[in-house]
Structures are given as C-alpha cells and as structure tokens.
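Beneath this line is the structure, given in structure tokens, with notes to follow.
Read-outs throughout are calculated quantities, based only on the coordinates presented, and are distinct from any laboratory measurement. Predicted model only: the values in this text are computed from it and were never measured. Positions of Cβ are generated from backbone atoms using ideal geometry, with glycine treated the same way; all protein chains shown enter the neighbour counts.
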Amino acid sequence: MEKVYVNVDYQVLVGGAIKPVRIYWHDGRAFDIRKTLHCCTSEDEYEGIRYTVLIGSAEKYLYRIGGKWYVEPIQTEVDTT
C-alpha cells in the first residue's frame with residue numbers, strides 16, 4: 001500500500017468538520033476540489049479518514065491521518081500489445 005503525501009488547503013466548518021478545498025502535488029501543481037461528496041473512516045486497505053472529492057469532473061479519494069494528507073498513487077496503463 002503506497003501513499004503519496006500531498007499538501008492540502010482546507011476549511012474548518014462550524015462544528016469542527018474539515019473540508020478540503022485544494023490539493024498541492026509534489027511538483028507544484030495545484031488542483032481545486034470542486035466538491036466533497038462523502039467523508040468516512042477508510043474501509044479499504046488505506047487508513048485514516050477518506051474523503052471522496054470532485055476534481056474537475058473526476059471522483060478521487062483523499063485521505064487524512066491527523067494533520068497529514070495523502071492520495072493513492074496514480075496508476076498508469078501499460079500497453080502490452
């Protein structure tokens with residue numbers, strides 16, 4: 001289980017809920033989060049709080065453990081033909 005740690009801008013809402021608003025990739029690129037669709041304890045092989053977010057039109061998972069944020073590594077398809 002590989003993790004790619006990222007920097008995240010977030011808002012703390014009334015009541016203490018955390019809403020991520022922007023992800024900063026290690027190479028300096030920034031991605032605005034259009035919407036947080038869901039937030040729950042991770043039930044897959046990853047740990048922490050899992051946020052389902054919209055970046056552009058794509059649904060992605062963003063994870064938080066304490067003050068650290070990470071994403072799953074990008075899977076690149078290999079053409080074997």
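For Glu72 and Tyr46, compute 0.36 nm times the residue count separating them, minus their Cα-Cα distance, and round to one decimal in nm.
Full-extension gain reported as 8.5 nm.
Rank Ile18, Ile33, Ile55 by mean-square fluctuation in a GNM of the chain with C-alpha springs under 10 angstrom and give only the top-ranked residue.
The residue with the greatest mean-square fluctuation here is Ile18.
Compute the distance in nm between two label points, each set 7 Å from the Cα along the Cα-to-Cβ direction, one at Leu54 and one at Val12.
The two pseudo-label positions are separated by 2.8 nm.
How large is Rg/Rh for the chain, to two decimals, with Cα atoms and a Kirkwood Rh?
0.99
Counting alpha carbon pairs within less than 8 Å and at least 6 residues apart, what relative contact order, in whole percent, applies to the chain?
26 percent.
Counting Lys and Arg as +1 and Asp and Glu as -1, what is the net charge of the other residues whose Cβ lies under 15 Å from the Cβ of Val21?
Summing Lys and Arg as +1 and Asp and Glu as -1 gives +4.
Tell me the net charge near Cys40. Cut-off is 13 Å between Cβ atoms, Cys40 excluded, with +1 for each Lys or Arg and -1 for each Asp or Glu.
Once all neighbours under 13 Å are counted, the net charge is -1.
Which of the aspartates and glutamates could a cross-linker bridge to Lys68, judged by Cα under 16 Å and excluding same-chain residues fewer than eight apart?
Counting by Cα, and skipping residues close in sequence, Lys68 has these aspartates and glutamates nearby: Glu2, Asp9, Glu47.
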